[in-house]
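Asks: Got a structure here, written out as structure tokens. Questions coming.
Just so it is clear, none of the values below were taken in a lab; they were calculated from the coordinates. Every value quoted in this text rests on a predicted model; they were computed, and no experiment measured them. Reconstructed Cβ throughout: ideal geometry from the backbone, glycine too, with neighbour counts over all protein chains shown.
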Amino acid sequence: MALPKGKVSRARGRSRRANWKLTLPGIVECPQCHQKKLAHRVCKNCGTYNGAQVIDMTEDKGNKEE
């Protein structure tokens, strides 16, 4: 079984663990509808990405015919 070569001081161990932090997601404004969206992703409000219409947002949501 592997064993540590020597003692790791408190300062060394804690400074190594100090970089375990969360980062905020890249939230930007959509150039078409000016809503907040995640960077490099399709806008959920208008369906555009990089200036092109990718998703047709004119469909009715939730109204399914039987």
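Asks: Efficiency by 1/(1 + (r/R0)^6): what FRET value for residue 19 and residue 39, r their Cβ-Cβ distance, R0 = 25 Å, to the nearest 0.05?
Replies: 0.65
Asks: To continue, here is another question. Calculate for the chain the 222 nm mean residue ellipticity that helices alone would give, adding -39,500 (n - 2.57) per DSSP H run of length 4 or more and normalising by residue count, nearest 500 deg cm²/dmol.
Replies: -3000 deg cm²/dmol
Asks: Can I ask one more? Among (i) 67, 35, 16; (ii) 37, 25, 18; (iii) 52, 25, 16, which is the computed Cα extents along the principal axes in Å?
Replies: (i)
Asks: Dipole size in debye (nearest 20) for the chain around its Cα centre, Lys and Arg Cβ +1, Asp and Glu Cβ -1?
Replies: 1420
Asks: Can you put 1, 57 in order of Cβ neighbours within 10 angstrom, beginning with the fewest?
Replies: Ranking 1, 57 by Cβ neighbours within 10 Å, fewest first, gives 1, 57.
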